[in-house]
1. Residue 112 is checked against (1) more than 25 Å from residue 176 (Cα to Cα); (2) in the same structural domain as residue 231 (by TED's automatic domain parsing); (3) among the β-branched types (Val, Ile, Thr) and fails just one. What number does that condition carry?
2. Of the residues that sit in the stretch 103-117 and are surrounded by 12 or more Cβ atoms within 10 Å (Cβ to Cβ) and either at positive phi or of a type outside the set (A, V, I, L, M) (or both), which one is modelled with the lowest pLDDT?
3. Mind checking which residues of the stretch 194-216 are more than 17 Å from residue 157 (Cα to Cα) and either among the β-branched types (Val, Ile, Thr) or not assigned by TED's automatic domain parsing to the domain that holds residue 184 (or both)?
4. So how many residues does the stretch 227-240 have that are under 30 Å from residue 83 (Cα atoms) and either surrounded by fewer than 20 Cβ atoms within 10 Å (Cβ to Cβ) or basic (Lys, Arg) (or both)?
5. Scan the stretch 191-210 residue by residue and report those that are under 21 Å from the mean Cα position of the chain (by Cα) and assigned to a loop (DSSP other than H, G, I, E, B).
6. For the stretch 211-226, check the following and say yes or no: at least one residue is assigned to a loop (DSSP other than H, G, I, E, B) and surrounded by fewer than 20 Cβ atoms within 10 Å (Cβ to Cβ).
7. Here are some conditions: (1) closer than 19 Å to residue 125 by Cα; (2) not in a helix (DSSP H, G or I). Residue 188 meets all but one. Which one does it not meet?
8. Do any residues in the stretch 39-68 that are free of Cβ contacts under 8 Å to residues at least 24 places away in the same chain have Cβ atoms under 7 Å from those of residues that are not in a helix (DSSP H, G or I), where the two are at least six apart or on different chains, and which pairs are they?
Amino acid sequence: MAKTSDDDERIFFPERPTQSIAKAKSAEKPHYHGHRDRLRERFAAAGPDALPDYELLELLLFRLIPRADTKPVAKALLARFGTLAEVLGAPAARLEEVKGIGPAVALDLKVVAATAQRMARGEIIDRELMSTWTQLLEYCRSAMAFEEREQFRILFLDKKNALIADEVQQVGTVDHTPVYPREVVKRALELSATAIILVHNHPSGDPTPSRADIEMTKLIIETAKPLGIAIHDHIIIGKKGHASMKGLLLI
């Protein structure tokens, strides 16, 4: 069949720009392109420890915001939330309040945060938790430290203190989570757990146990003991650190 004018490939594939136009476009190349290349080279050569938080965040934003200067966005995020961990831990709605962060980028940042949490959880799966305490604390911090409401999490362990299940049993308000000792013990029995570690967060940032925290923990211990279920610890996670009730000799 003869090709008609409607089939002319030039309709679909524009002619190359002239050399002068190409030079003009090259001259208009955004200033941040060279910066991105240099930052990538530094990361590749020296590793992440050579970069401050805002530059590491920039590297991440390069992929999420390909056509803009991400340095001011990275600095604005850190100015708003404080640290890289707090940026990734912030709710998507609050991330979107920062200029330059739309719904798609906010969601991508939450995907990165979820990936980091999954990696941290991988460090404690099928391992004796009492010998991987540092990894356990890192996981709990990544999962709970920057939540805006209190969460009550339970780590269920077998006879070898390996993790059977990790569950958020209750989500409360900014300063209170309802906890039901019978439900805690019931779930432990369902999973054939012989020990548990209690974990909850303080959105205020201060991990100091309250009187209510201590009394509730002792009640769970009293409820679980007759059934052969040990409470190894109750860890409170805050933005500024953690507190172990066992370490503080409160239980």
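The values are calculated or read from the model by the stated rules, or taken from the named source; none is laboratory data. Just so it is clear, the structure is predicted and the values come from calculations on it, not from any experiment. All Cβ positions, glycine included, derive from the backbone under ideal geometry; neighbour counts span all protein chains shown.
1. All conditions are met except number (2).
2. 117
3. Selection gives 208, 214.
4. Result for the stretch 227-240: 3.
5. Once the filter is applied, which keeps residues that are under 21 Å from the mean Cα position of the chain (by Cα) and assigned to a loop (DSSP other than H, G, I, E, B), the stretch 191-210 yields 202, 203, 204, 205, 206, 207.
6. Scanning the stretch 211-226 turns up no residue that is assigned to a loop (DSSP other than H, G, I, E, B) and surrounded by fewer than 20 Cβ atoms within 10 Å (Cβ to Cβ).
7. Here residue 188 clears every test but (2).
8. Close Cβ pairs satisfying both conditions: 42/51; 43/51; 58/70.
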